[in-house]
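Working notes for the structure below.
Values quoted throughout were computed directly from the atomic coordinates according to the rules given, and no laboratory measurement underlies them. Owing to the predicted nature of the structure, the values given are computational and were not obtained by experimental measurement. FYI the Cβ positions are ideal-geometry reconstructions off the backbone, even for glycines, and counts take in every protein chain you see.
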Amino acid sequence: MGARGGLFVGFSSAAFVFGSSGQTSYAAANGALSGLVTEWCGRGEKAMSIEWGAWRAGMAEHAYKMAEDRGFGSITTVYGVRILRNLMAAGFT
């Protein structure tokens with residue numbers, strides 16, 4: 001990775017975990033990101049990949065109702081930032 005002393009944070013999607021109709025390439029890219037982070041961690045690099053669910057903002061804004069209809073919650077910007085801060089403070093690698 002080359003960023004010695006730093007922390008790489010990959011923003012991935014739950015589409016990788018649960019799959020999503022019509023988003024095969026998107027899910028595959030998210031899986032590749034998670035795989036890279038796993039490899040980097042195995043080499044001792046500080047990295048994490050977060051498989052986010054549907055946010056109520058950004059490119060997933062239109063999808064949050066569908067996620068909630070299926071029994072999943074959605075993530076507000078305030079809650080998402082709080083989650084990210086907690087993960088980074090916990091020092092996940």
Distance between modelled label sites at Lys65 and Tyr79, nm, 7 Å Cα→Cβ extension | 1.8 nm
A chain fully extended from Thr38 to Ala57 at 0.36 nm per residue, minus the present Cα-Cα distance, gains in nm 4.1 nm
